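Before any comments, here is the structure.
The values are calculated or read from the model by the stated rules, or taken from the named source; none is laboratory data. Predicted model only: the values in this text are computed from it and were never measured. Cβ placement follows ideal geometry from the backbone for every residue including glycine, while neighbour counts extend to all protein chains displayed.
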Amino acid sequence: MPKIKLSKIIFIMVCITIIAAIAWFMLKPKETPPQFISAEVTRGDIENSVLATGDLEATKMVSVGAQVSGQVKKMYVQLGDQVKQGQLIAQIDSVRQENDLKTAEANIKNQQAQLATKQATLTKVEAEYNRQKNMYAQDATSKAEYESALAAFKTAQADIAAMNAQIEQSRLTLATTKEDLGYTRIVAPMNGTVVAIVTEEGQTVNANQSAPTIVKLAQLDTMTIKSQISEADVMKVEEGQKVYFTTLGDSEKKRYATLRQVEPAPESINTETSNSSSSSSSTAVYYNALFDVPNEDGKLRIDMTAQVYIILAEAKNVLTVPASALQNSNRPQRSANAAQRTSENKPSAGKDQANPDRPQRLELTADEKALVDQGKASVSVVRVVQADGTAKRQQVLVGLNNRVTAEIKRGLKQGDQVVIADGSDTSNDAAKRSNRGGMRF
């Protein structure tokens, strides 16, 4: 073969090799660094609380009713008015009560006149009795005359005693009629706010059948919140715990108070019949938890709905991470003794280097072990983003964890980035598939 042709062939093969190398370099899949969704370790407040729904009620509410029948002639208050104890609220037509009072007074006067007559009669028969007694002692009159005078005297005394009793009874009747006349004036039994007007002016009330309500008064300077606690949470709740709530109209403002009472039985017990031995298993059971809150600004109103948070535990100004960053947050935690045995039997540094995915161990102090044993802390694992973009698994000591945010007692510092999700597995699988399908030379 001529040298010229051989040189051309060699040149062409070199060119093809160079082109293939360039093509492989340009078309080969590039390694992509791991992509993480991370969150920063920050300082903040965290709390573990029981969530409940409650209703606002007045601390004290009274239904002011009428004790006598009649037409409401005049209403002196309007809805929302502030009233003082003893203030006139309404006036019921008092003609019948006034007439009953006059009749009772006239009856007493008549009986008093009868009493005066009987007292005069008593004086007369008493004198006759004394005369007959003296004469009978001197044998100047018969025994029959003496006994007749004695009987007339005792009868007159009995008549006066009976009349005095009638007058006393009439005086009681007079006092009752005076009381009934007073009942026609409906007055406030306490200081409060008129929250309802049940009976309008001109309406007739009948107190003989039931006690009709005229208005309802409530003390609104302090409100009572009745919150419903499910049976799953009620064993965690007790008197004296800190509580706060928000309303639908002002969800940003938290109002704090202290839990006053947890009722021992559900409210449904008031409506259960004696024949019902057990409640249906499908029926949810709720217990009322009560607490009071000041209402100086008057913005809290009856029957408002409150979102209630009963604080079981809280931590202020601590290091926090999202709970999703804890890889074993839903697994049962080992005891401190088990953690200690694991620390004592941990592999050597050489073995750790052979397994780079092994988390960095956290040596617990005696106090920290006690917290773990008491269930107040746990050991978990997080992945910390490194300067080169990779993630390193690391043990941390977790304190309060409300399943949304977790307190980090040790193992991280403020500003660290922890992985809460990543797409590295998907990216690596795609890269492997690209490598398998790439060009080979």
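Looking across the stretch 375-417, just one residue is within 34 Å of the chain's Cα centre (by Cα), buried (at least 19 other Cβ atoms within 10 Å of the Cβ) and part of a loop (DSSP other than H, G, I, E, B), and that is Ala377. Of all the listed residues (Leu115, Leu174), the sole one being touching a residue at least 60 places away in the same chain (Cβ under 8 Å), closer than 30 Å to Asn99 by Cβ and either not in a helix (DSSP H, G or I) or not β-branched (Val, Ile, Thr) (or both) is Leu174. Taken as a whole, the structure places Ala165 among residues that are over 30 Å from Met75 (Cα atoms) and either modelled with pLDDT of 95 or more or exposed (fewer than 15 other Cβ atoms within 10 Å of the Cβ) (or both).
Gly202 falls short on exactly one of the conditions (1) crowded, with 17+ Cβ neighbours inside 10 Å; (2) at positive phi, and that condition is (1). Evaluating Ile197 against the criteria (1) without any contact (Cβ under 8 Å) to a residue 40 or more places away in the chain; (2) of a type outside the set (Gly, Ala, Ser); (3) under 20 Å from Gln85 (Cβ atoms) leaves one unmet condition, (1).
Residues in the stretch 105-124 that are surrounded by 13 or more Cβ atoms within 10 Å (Cβ to Cβ) and of a type in the set (A, V, I, L, M, F, W, C): Ile108, Leu115, Leu122.
Each row is one residue, and each column tells you yes or no for (1) in contact with a strand residue (DSSP E or B) (Cβ under 8 Å, 6 or more places away or on another chain); (2) at pLDDT 70 or above.
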position: Glu296; (1), (2): yes, yes
position: Val321; (1), (2): yes, yes
position: Ala325; (1), (2): yes, yes
position: Asn328; (1), (2): yes, no
position: Pro332; (1), (2): no, no
position: Lys351; (1), (2): no, no
position: Ala354; (1), (2): no, no
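When restricted to residues that are crowded, with 16+ Cβ neighbours inside 10 Å and more than 30 Å from Leu115 (Cα to Cα), the stretch 125-156 contains 2.
For the stretch 215-239, residues that are polar (S, T, N, Q) and in contact with a Lys or Arg (Cβ under 9 Å, 6 or more places away or on another chain) total 3. Among residues of the stretch 137-160 that are under 12 Å from Thr121 (Cα atoms) and in the same structural domain as Thr123 (by TED's automatic domain parsing), those with a beta-carbon under 9 Å from a residue that is surrounded by fewer than 12 Cβ atoms within 10 Å (Cβ to Cβ) and of a type outside the set (Asp, Glu) at least six positions away or on a different chain give the pairs Ala156/Thr123.
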